[in-house]
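To keep things clear, I will list the structure first and then write my remarks on it.
The values are calculated or read from the model by the stated rules, or taken from the named source; none is laboratory data. In this text the structure is predicted, and so the values were computed from the model without any measurement. Reconstructed Cβ throughout: ideal geometry from the backbone, glycine too, with neighbour counts over all protein chains shown. These area figures cover heavy atoms from the full protein model, side chains too; ligands, DNA and RNA do not enter into them. Shrake-Rupley method; radii C 1.70, N 1.55, O 1.52, S 1.80 Å.
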Amino acid sequence: IEHISAGSLDPLLQKSAQALNNQGREELLIGPVSGVVTCPDYRVKAKCLKCVSHVLRTSPDQFELEEMGWLLRFFTTTGIGIPRQQDFLGNVLVLISLLICNQQRTGKSFRERFAKTAIREAFEILRAIAKRGSHGSADEQASRLKISLGVVELLKKSSRPLSGGLRKFLRRNDLMDSVIEVFEAEDKMEGNGCGAELLATWTGREVRHILLPIITGNKILLSGAGRFWALVRLADVLEGRLDYDRPPHIFRDVPATDEHKAWATLMHMEKVHGSHDKMEEEDWVLQQRRFLVSDSFQALIHFVWRYTEAVGAMPGLEEAYDCAETWFEEAEQEVRRWWKPERQHGESQRLGADVKQSRQQQTDLERCFDVRLRSICPRVSTLCGYNLNVYDEEEKSSSLAALAKVMAVTFQENHKKHKNQYAQFRAAYDELLQVPNQYYVPTFGRLMTTKEIIAQKAIKCIRQEHNDLHILYSDAALVQRNLKRALIAGGGPQFRQQTLLWANAEYDDFQAGRVPRAVSDGLVGFLRDHQAKVIDPGLLPKEDIDALHKFKLGGDNTRLRNLSRLMISYPNVKELLASLNEMKYNAAFSVMRIRNQFASPSNFAQRTMLVNVETETERGRFLSELQLVVREKNSQQDMYAQRAKLGQELKKVLIKSCKVKEVNADEVAGFLIQQMESRSLRSGDVVVLRCADQNLTIQGEDVSVFAREVTTKHLFTIERVAGPGPIADGDL
């Protein structure tokens, strides 16, 4: 039966399957009188249900109403506590889930005739398991947990937007009482259970009857996991967050909010709201209304006081209350000052006209930065709690326009420098632009381009040897000094005492002015011969590492290839290119990776050649980064100084126009620069998709490729299922 029901396209097998169906296949398997499933041998029972699962997966239209009723007879609480009977019950659960999820005639018939009975019995099974508590052996408890999770999975599938009115049925009072009973029983056991998953059903979205009693009541542990998950669930419900993806992926779960991460912004809530169907929208409004009319804020505050007093953290809570009270007073005064009575009549139209006029006065470059800033604003709101897109009373324009103007100035400075370089050294610049990204491949013992690596099916992995940040940072200080020593000549007429002091100095020495940050005398040949100047910017600051982890690396310290770093500046691209070619073959260190950012400059038009080099330490190999840049003639400002200047200019605008507090301005300015310079794609970014030099576009339900010119039809917004963050391999 398994073979014939395997969904083969072979006409003979299809004909055989239909013949078996006509001869009463399901009655033979699960019939109430003569069904093989009534055999006391559980191995035979399991085989019978496996055959039925093949039928439901491959030809569900052959499963009739009477046969659905036969199957449902086995979905009972009988045998709870008997391991093999519980395994049998788990197999029945799988079959009922298949019927619930089926979106053809068979599934629709089951949901209309039998699904409500299955749901009622599912809650009875959960109650029966909860009453047994932690009795039995470890294997028995594991078996019961498996059944509980299977039942909850069935209820979650029933919570999806399907036919049959199941979501309305899931809000019956007796079923909600069962949720409370099961949740309280599991909380007393303080073990792994299905409580958190049970809240992820449509029943578990009920604020007044389930979530608030769990959080504010006295029947579960005050500091237990149960209250925590109920609080998370309450926040998700009030935000309108759903537990499942949008059609056609409604059976794909969306996890609860990760409380270790920043919460979603109002913009994200608006997107979620826009994806609700009518029932989801009505229920969201209903739950919010019930939360407000139930005096829920007061109940939650009372719970916070109880919890804080129990764990001995009252002084911290009182301090937090004082801060919050001060903040609310300041916020209210600011709102009242801005929202004057005259604004209520036509003032908003005037403000809109002012902003529109200011946009028309922007240059194309400023408009580009303005658009990019709008995509970054939600991340700033999530991270720092500030809305940067506000109306500037003094300038009569949006504050984003002022930020865009500052950024455009930096872009023009860099663009002008490289435009001059291109005019003077066109041949060398063209050659530099053609330098490919290269990676060292140990198997072949040389640097290889991406095309060569793909063609040879080679493996590249340019990473630090271990993930311990404390050890990496400790090693980086030693590597920084050793790397500088490797770049100075070993003696002779070019050797200078000042260069030796520089090689042994640390960043504190540069800050105190005891040693200059840059040297140009006494360097090795591939630098000296090309008029290079080496600058020590210090180790990568820890605050930058934190930002990288939060918005790019995700805790992977092996990708920190620039903890130890030096900048090498050249008078022109010709000297830079010649030095790079010689650097590949030096004996002081191994070149592991070359990334050509002259060919793909940053959003501030900064062009660098990034060279990752490898040196030896006592613990093994260590990767550092050399940044090869062109310095502007008669200018003492390097890339880091320019970045600091940009940060100061942005800070002024943030404080003046965006109303960012001075204590937070440096953090926000640094975040804006980091996000603007980053080449990572992130959730919320707007992109153009190209194929064979043509733009991808959508017309209705169809996707097509045409047109070289980019229009609004070719713009796509990236939305990451896992929430805010950079897009990585394997993300949905």
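The table below gives the values:
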| item | result |
| --- | --- |
| DSSP beta bridges in the chain [antiparallel fraction, %, rounded to 5] | 85 percent |
| Charge context of ALA665, other residues only, Cβ under 11 angstrom, K/R +1, D/E -1 | +2 |
| With Cα atoms, 0 to 90° folded angle of helix 173-189 axis to the chain main axis | 60 degrees |
| Extension gain (nm, one decimal) between ALA458 and LYS584, 0.36 nm per residue minus Cα-Cα | 43.3 nm |
| Exposure ranking of SER59, SER520 by accessible area [1.4 Å probe, largest first] | SER520, SER59 |
| Heavy atoms of LYS460: accessible area, 1.4 Å probe, square angstrom to 10 | 90 Å² |
| Selection from LEU715, ALA427, ALA200 lying farthest towards where the dipole of the chain points positive, charges on Cβ | ALA427 |
| Relative counts (whole %) of C-alpha pair distances in the range 128-243, using bins that are 10 Å wide | 14, 46, 33, 7, 0 |
| Selected from ASN586, LEU56, ASN603, residue furthest toward positive end of dipole (the chain; charges at beta carbon) | ASN586 |
| Over 20 Å (Cα to Cα) - which of LYS533/LYS633; LYS50/LYS116; LYS116/LYS168; LYS419/LYS651; LYS533/LYS584 fall in this group | LYS50/LYS116; LYS419/LYS651 |
| Positive-end extreme of charge dipole, the chain - chosen from ASN102, SER520, THR449 (charges on Cβ) | THR449 |
| Rounded if a/c under 1.5, otherwise prolate or oblate - the chain, Cα gyration tensor axes | prolate |
| Accessible-area composition of the chain, carbon plus sulfur, in percent [1.4 Å probe] | 52 percent |
| Average Cα contact separation per residue, the chain, under 8 Å, 6 or more apart, as relative contact order % | 7 percent |
| Given charges at beta-carbon only (K, R positive; D, E negative), |dipole| of the chain in Debye | 1600 debye |
| Computed Kirkwood radius, in angstrom, where 1/r is averaged over Cα pairs of the range 516-599 | 14.8 Å |
| Degrees between helix 138-158 axis and first principal axis of the chain (Cα, 0 to 90, nearest 10) | 90 degrees |
| Potential extension, HIS466-LYS168 segment - 0.36 nm per residue separation minus Cα distance | 102.0 nm |
| Under-5 Å amide H pairs with ARG682, H placed in peptide plane, nonlocal only | ILE727 |
| Approximate spin-label separation VAL687-GLU719, in nm, with each point projected 7 Å along Cα-to-Cβ | 1.6 nm |
| Gap separating the Cα centres of the range 223-248 and the range 145-162, nearest whole Å | 16 Å |
| Size of electric dipole in the range 538-602: Cβ of Lys, Arg +1 and of Asp, Glu -1, about Cα centre, debye, nearest 20 | 180 debye |
| 13 Å beta-carbon shell around GLU121, net charge (K/R +1, D/E -1) | +2 |
| Residue-normalised accessible area of the chain, expressed per residue, 1.4 Å probe, Å² | 53 Å² |
| Nearest-ten-degree value, helix 314-338 long axis tilted from longest Cα axis of the chain | 70 degrees |
| Phi to ³J(HN,Hα) by Karplus 6.51 cos²θ - 1.76 cosθ + 1.60 over the range 17-24, Hz, x for Gly, Pro | 4, 5, 5, 4, 4, 5, 8, x |
| GLU677, GLU719, GLU329, ranked by accessible area, largest first (probe 1.4 Å) | GLU719, GLU329, GLU677 |
| Euclidean distance of C-alpha centroids, the range 365-413 and the range 606-667, integer Å | 20 Å |
| Listed peptides 155-167, 271-283 by packing density, highest first (mean Cβ within 10 Å) | 155-167, 271-283 |
| Per-residue SASA entry for ASP546, accessible area with 1.4 Å probe, Å² rounded to 10 | 100 Å² |
| Relative packing of 140-150, 31-41, which averages over residues the other C-beta atoms within 10 Å, highest first | 140-150, 31-41 |
